[in-house]
Structures are given as C-alpha cells and as structure tokens.
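The values are calculated or read from the model by the stated rules, or taken from the named source; none is laboratory data. Computed from a predicted structure; not experimentally measured. Note that each Cβ is placed from the backbone with ideal geometry, even for glycine, and that neighbours are counted across all protein chains shown.
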Amino acid sequence: MSMLWTGPPWQKGSGWPITGRIGKPRITGLTMVLDKGLGLAATRDLLEVAAEHLDIVKISFGTSALYPNAVLREKVRLIRSYGVDVCPGGTLLEIAVLQNAVEAYLEWAWRAGFSFLEVSDGTIQMDPQVRLLAIEMALARGFRVITEVGKKDALEALSPASMHRQVAADLAAGAWKVIVEARESGQGVGIYDERGTVREVELEQLLAGVPQPECLLWEAPLKNQQAELILRFGPNVSLGNVQPADCLAVEALRVGLRGDTLKTCLSSARAETPG
C-alpha cells in the first residue's frame, strides 16, 4: 500500500504546500526518467539521491542495445535494487517488428533483466493485430507493459478518435499505462505546440475519450509542461521524459516547493480566506 509523502522533516504535521502526494510503491503519480546513456556511477548517483521520487528509468531510444552486455546487465540490476523499474525504449520493439524478431528481442530483454517493456509505433506503421500480439507476448514472458500512443512526426498525427481506440485496446490487452507521445523535445508533437505550450483543444479532445485519465502517462520534458499538468491533475499525475537531473525538481513541483506551483497554492489560499 502506498504511503503518503507527508511533509518537511523539520516540522511534523505541517505538510507540504501541495498535499496528498503518494509515496512508493504507487500506481499513479509516476515519474519516468529518460536515460540517454548514463554510466554506472552516474546511475548510482541518481538513485542514491532520487530513488524515492523515481518510478521507472527508460533507457531511451535504442541506446540499451549499444551498451556492453555486462554493463547493461549491471546497470539494470542496480536500478532494480533500488526499487525502481527499468525498460528499454519503444524504438527497439519497433525495429524487432520490422525484422520479424519480436521473440528474440523479448529473450534479449529478459536476459538483460528489464522489468517493463514499451510497445509503440511512433515511427513505423504497425498493424493492430501485431501490436496486440506484441503486448500479449511481452506479458506472457513476465514483463509489465507500457504502451505509447501518438506519432513522432507531427504530419502523421493521429485523430482523437484513433487515439481513444488505441488507448482502450491497449488497456484491454493488459497494458499497465499508456504514454502520450511528446518526444524528447516536447515541442510540436502531441498535446504541445512548437513552443512546448500545452494545446488545450488537443488535451481536452484526448481526455474526452479516456474514462480514466490516471491510466495515462504524459511525456512532459519541459518545466512549464510539468507544472501545468500538476496544477491541472494534481500531484499524482504520471509524467515521463523527465531528465535525470530534473528528477528532484519535478518532485518539488508536485509538492509545491517551487514557485511555479507554490504561487498557485498561495493564490488559492488567499481566494478562500474570508475578509
């Protein structure tokens, strides 16, 4: 059962400015870090500082295939030893589909020790039955599965209805969460415009067809995106594509320890104060 992440250590009972943050283990309020090639020492540093505020490390793109095998296995073992899950990026699964090598890919990922797999088709065109089979095969091998909806190329953007159908189908197939694509940049893709600002129309259209928004994990690499989603959905919104160096900064946003979210808390408190 998740514990409540209560408040500052110097004053019992005072609580954080934003209350209700759930501690680990948690099924919502996830922080997924985008790891583009941290070595073992840097990975250990990250975990020693931030494991309590970090849920999943995604060894992004196809970079996990470029590690020496021994280093990759030790890195995955290290991450999991801190109670943090780890997965390779969805690009490797897409390549495995193209090469008709999904079973071999699953065997490699299992031997490496990954706890999650990502199933996506952000770059390739994947038949719905192939996507369903990939999810089922990953689950059968003992992985937990996160899927991703959306295209990396804005010119190939999916309609809201297509995204609704994909989210529903993935969850029905056994996916734990569904990532909303925004790429590493968070600009000009998905719910974000070219400056990285949330596009309200796109956000509302997506939410209109998702009965349980807590099933979504929003890629939000930029601070303004993280703050806006936290203010909109609360401290237990799930966020992805967080840079390793920003892990504690995102947690500070969640509980009101940064001006971006603290200011809104103060404004709400003043508005509720009579007189």
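Listed values, structure above:
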| item | result |
| --- | --- |
| Test result for residue 211, closer than 20 Å to residue 60 by Cβ and assigned to a loop (DSSP other than H, G, I, E, B) | no |
| Tabulated pairs, the range 158-175, first over 18 Å from residue 130 (Cβ atoms), second among the aromatic types (Phe, Trp, Tyr) and in a helix (DSSP H, G or I), C-beta under 8 angstrom, 6+ apart or interchain | none |
| Long-range neighbours under 6 Å by Cβ, at least six apart or interchain, first residue without any contact (Cβ under 8 Å) to a residue 40 or more places away in the chain and assigned to a helix (DSSP H, G or I) within the range 234-256, second of a type in the set (Ser, Thr, Tyr) and crowded, with 21+ Cβ neighbours inside 10 Å | 253/261 |
| Restricting the range 119-144 to residues that are within 18 Å of the chain's Cα centre (by Cα) and either more than 19 Å from residue 83 (Cα to Cα) or aliphatic (A, V, I, L, M) (or both), the residue that is modelled with the lowest pLDDT | 122 |
| Those residues of the range 116-143 which are part of a strand (DSSP E or B) and not hydrophobic (A, V, I, L, M, F, W, C), in sequence order | 118 |
| Leading residue by the ranking (modelled with the lowest pLDDT) among those in the range 153-182 that are part of a loop (DSSP other than H, G, I, E, B) and surrounded by 19 or more Cβ atoms within 10 Å (Cβ to Cβ) | 182 |
| Every pair of residues 6+ apart whose Cβ atoms lie under 9 Å, when the first sits in the range 58-73 and is more than 16 Å from residue 96 (Cβ to Cβ) while the second is surrounded by 16 or more Cβ atoms within 10 Å (Cβ to Cβ) and β-branched (Val, Ile, Thr) | 58/33; 58/86; 58/146; 60/91; 67/59; 72/59 |
| Residue among 204, 194 that alone is acidic (Asp, Glu), in a helix (DSSP H, G or I), more than 19 Å from the chain's Cα centre (by Cα) and surrounded by fewer than 16 Cβ atoms within 10 Å (Cβ to Cβ) | 204 |
| Residues (hydroxyl-bearing (Ser, Thr, Tyr) and not in a helix (DSSP H, G or I)) located in the range 48-85 | 60, 67, 82 |
| Any hit, the range 108-115, residues being in contact (Cβ under 8 Å) with a residue 24 or more places away in the chain, within 20 Å of residue 66 (Cβ to Cβ) and not in a helix (DSSP H, G or I) | yes |
| Neighbours by Cβ (under 8 Å, 6+ apart or cross-chain): first from the range 179-190, within 20 Å of residue 207 (Cβ to Cβ); second among the polar types (S, T, N, Q) | 179/120; 179/147; 181/120; 182/225; 182/241; 186/225; 186/241 |
| Check on residue 173, in contact with a Gly (Cβ under 7 Å, 6 or more places away or on another chain) and farther than 20 Å from residue 31 by Cα | no |
